[in-house]
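Inspection log for the structure reproduced underneath, given as structure tokens.
Every number here is computed from the coordinates shown, using simple stated rules; none is lab data. No experiment lies behind these values; they were computed from the predicted model shown. Here the Cβ positions follow ideal geometry from the backbone for every residue, glycine too, while neighbour counts run over all protein chains shown.
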Amino acid sequence: MLIGAGESASGFLLHPSQQGGRPRNILAVLDNDSKKHGYMLHGVKIVGNDELIPQVVERYNISEIIVAVPSINNEDLRRIVKLTPVKHCKVRLLSGLSNDKATDLLRDINIGDLLGRPETALNEHGINEWLKGKTVLVTGGGGSIGSEICRQLIRLNVEKVVVYDISENNAHNIKEELKANFGPTGRYNLAVRIGSVQDTGRMEAVFEEFKPAIVFHAAAYKHVPLMEECPRLAVDNNVLGTYFTALCAIKYKVERFVMISTDKAINPTNVMGATKRLAELATLGLNQRGITEFVCVRFGNVLDSNGSVIPIFKRQIEAGGPVTVTHRDIIRYFMTISEAAKLVLETGAMAKGGEIYILDMGEPVKIADLADNLIRMAGLTPDVDIHIEYTGLRPGEKLYEELLLNEEGLTATLNDKIFVVRPEPSPVLGRLLEALEAGLPDDGDVVRMLKSYVPEYVPALHMD
């Protein structure tokens, strides 16, 4: 069965060679335009709208539904997936028509199709002009965001990409991947160094060796429940590590320092978010210390990143369930790793120093709906084959995340998915920088210390 009776569906019916490696017997077409109902599309009847999916699947014993609407939005695609009897048939997407008869234009739906949105094309010319001939250091370069930033950078006209990561496995993996994918092109110019952002001696040695012009600071501890249990480690890595790296940037006359932040830094209810907010304050507070321009970029969750719920849900589904969701109403913002990295590069190119850039995350997604979609994509029925179990909010977790403090104000940029805030200096900034120079002494009560610098931090209670 085809969903959509437009040009894509018409071309698909007229050219069997475009239908992939096996013949398909197309028995019905659905389209939400009622004016088309009852007519034939190249011999196949347009029987009604997509609400008829369950009945048509049963009547014709449909084994595959092909969505032939290239411009379909995520909400409509989610509805189609939900209406499809998963035990009977599979939903696939038609990506377009091609002159290459060997090309299979059909592909399986992925979670990005259901949750993401069309990605903005990378402003490659502007970014190339900014980065041309420069050495770029990426801390946390083996992690989810850091490694994708490296993938994007290696395609551009940079002089060298330096990966700095505490995990030798992550660093090795991204090195081998980039070497395999870009080595023969002659544009592969990568160096990898292992070390912690907390190790000031190691950081200085790396800055001395490579003298980077640009730094993307992606290194951070970000697992909320773990950081609730290990608050001092979160402070040491997320706050002091950021501060040490920023001081190196000033000392070695880095042109621009881009810190990767998070929506959890806004009105934080957990240690991780509070430490990232402190890191924002410290980074922007150094903006006038030297030639280095310091900026921050805030965004929410990225699909399939380390720590994302999606890999966890997939493992739970493979194990037969249950899929555990903390609360029926919990929502989060999502974007793809690729889009997040592209937008981070664009913010770096347009930055002037002292700004916080906010990425448009689109519409929030209910985590319960995410679990439901993943179960259906596995060919199973939610709460029949795989149960969804609600376990209660974890320590430090809240029902929704924000991207903006109440007192902040957004300004549009040339990219409609990037907004900018130019915050006033924090009233605690002087005291914070003095404390950072002393290494943020530990009096044993990390939460109290965080609250003294981030007054909007309100530790969440563990609620069901």
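Hydrophobic, long helices, defined as DSSP H runs whose alpha-carbon span along the helix axis is 24 Å or greater and whose mean Kyte-Doolittle value is at least 1.0, do not occur in the chain. Placing pseudo-labels 7 Å out from each Cα toward the beta carbon at Arg394 and Lys90 gives an inter-label distance of 3.2 nm. Magnitude of the charge dipole for region 124-453, about its Cα centre and with charges confined to Cβ atoms of Lys, Arg (+1) and Asp, Glu (-1), is about 740 debye.
Taking a 24 Å limit on the Cα-Cα distance, which of the listed pairs Lys175/Lys211; Lys253/Lys451; Lys179/Lys211; Lys314/Lys342 fall beyond it? Cα-Cα > 24 Å for Lys253/Lys451; Lys314/Lys342; rest within.
Ordered by the number of other Cβ atoms lying within 10 Å of each residue's own Cβ, fewest first, Asp31, Asp113, Asp165 fall into the sequence Asp113, Asp31, Asp165. Amide H to amide H, with H built 1.01 Å from N, Ala191 comes under 5 Å of Val161, Val162, Val163, counting only residues 5 or more places away or on other chains.
A simple packing score, the average count of other Cβ atoms within 10 Å per residue, orders the peptides 410-421, 326-337, 241-252 as 241-252, 326-337, 410-421, with the highest score first. Modelled spin-label separation between Lys132 and Lys314, with each label point placed 7 Å from Cα along the Cα-to-Cβ direction: 3.9 nm. Between the entries (1) 1.02; (2) 1.07; (3) 0.96, the label attached to Rg/Rh (Cα atoms, Kirkwood Rh) calculated for this structure is (1).
For the pair Glu159 and Val384, a Förster radius of 51 Å applied to the C-beta separation gives a FRET efficiency near 0.35, rounded to the nearest 0.05.
When the Cα positions of Val57, Leu83, Leu94 are compared along the charge dipole of region 2-109, Val57 comes out farthest toward the positive end, with charges on each C-beta of Lys, Arg, Asp and Glu. By the rule of a C-alpha distance below 20 Å, with chain neighbours fewer than 8 residues away ignored, the aspartates and glutamates paired with Lys251 are Asp199, Glu204, Glu208, Glu209, Glu280, Glu293, Glu434, Glu437.
Backbone N atoms of region 46-74 closer than 13 Å to the 7 Å Cα→Cβ label point of Met40 belong to residues 46.
Under 5 Å from the amide H of Thr324 lie the amide H atoms of Glu389, each residue being 5 or more positions distant or on a separate chain, with H modelled from the backbone and absent for Pro and chain starts.
Under 5 Å from the amide H of Glu64 lie the amide H atoms of Lys90, each residue being 5 or more positions distant or on a separate chain, with H modelled from the backbone and absent for Pro and chain starts.
State the dimensionless ratio Rg/Rh of region 2-109 (Rg: radius of gyration of Cα atoms; Rh: Kirkwood radius). It would help to have the intermediate numbers written out before the result.
Numbers: Rg = 12.9 Å, Rh = 13.9 Å.
Computed over Cα atoms, the ratio is 0.93.
Here's the picture: charge each Lys and Arg Cβ at +1 and each Asp and Glu Cβ at -1 in the chain, and of Phe210, Ile250, Asn25 the one pushed furthest to the positive end of that dipole is Asn25. To the nearest 0.05, how large is the calculated FRET efficiency for Arg59 and Leu233 if R₀ is 56 Å and r is the Cβ-Cβ distance? Step by step, r from the Cβ atoms, then E = 0.40. Taking a point 7 Å from the Cα of Gln288 along the Cα-to-Cβ direction, the residues of region 427-441 with backbone N closer than 17 Å to it are 427-434. Between His15 and Asp416, the distance separating the two model label sites (each 7 Å from Cα on the Cα→Cβ line) works out to 2.9 nm.
In terms of surrounding Cβ atoms within a 10 Å radius of their Cβ, Glu424, Glu64 rank from fewest to most as Glu424, Glu64.
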